[in-house]
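Working notes, structure below.
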């Protein structure tokens, strides 16, 4: 593994637009691996990179990864790769660029002049929020009285029910506030895309990434300031950015081989035969009709099985492109699948 290459992302690249690269903490200089008019930002794989599971070490490496990408972002739009992405050597890096050239060029055009801003909103005083709901919500108020007046044996269940009711009321209030915040921001700033991220605790109301033109950053700041003023300090806002489009265009690279391909073909019922795009799509549509989780709500494993079908479908599409390929394992060459990492979460 000593010749492996750590990759950060893809940029538009010509001799006239060669960026300067900050040196990483391990002293290894980053450099560009070019292909036509794009390049992959890379550096030699440090021997100790992932040899330790110490959290502090991984955190430092993640910070180094983000710092370099954000430094490059000052002069170039960049399609970032997921933290920890390694390729075997520079030839493999060029192969990834070659096989995905048109897709990379298309996405680089989409993010030209764009930035990501991450916004979090949260209640600074959860006790006041819950107390207010208890004063305004008749169901909560009634159950609180019942819990206070009941016997110790009844109190336990009443408190459990009260907790569930408060949790549901918080969720409903959060959804209403999220909708209002999104409508306000969309009404004041042109937003190209937005994506919800996970809420980490009950105090969080809103955790969204926004993709906007960098010339509109001041407009976005003003709109966020208006939201903050309207909240009268009952809600606090935090905005991080400008950032590269991590939430929208972070890519993962998966190396495929004959065994993985054979498993995917078996999942779609195509094992042991040649197939083209139409065969893959027809097999997938048939399985969607038969195996969709909505038709098997009583089977907990149905969701995982359907995820396997979807992943196998994507793998076979990436391999097949638009021509038939050999299916005998000894004839199948290793190849890479490059796809956008799904970072968003439903809320």
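Footprinting exposure proxy ranking of 292, 251, fewest other C-beta atoms within 10 angstrom first, gives 292, 251.
Relative to the current alpha-carbon distance between residue 266 and residue 112, full extension at 0.36 nm per residue lengthens the span by 51.4 nm. Among 231, 247, the ranking by other beta carbons within 10 Å of each residue's beta carbon, starting with the fewest, stands as 231, 247. Fully extending the segment from residue 221 to residue 276 would add 14.8 nm, taking 0.36 nm per residue of separation and subtracting the current Cα-Cα distance.
Put in line by how crowded their Cβ is, counting other Cβ atoms within 10 Å and starting with the fewest, 192, 118 read 192, 118.
Just so you know, all these numbers are worked out from the coordinates, no wet-lab data involved. Since this is a predicted model, take the numbers as computed values, not measurements. Cβ atoms come from the backbone with ideal geometry, glycine included; neighbour counts cover every protein chain shown.
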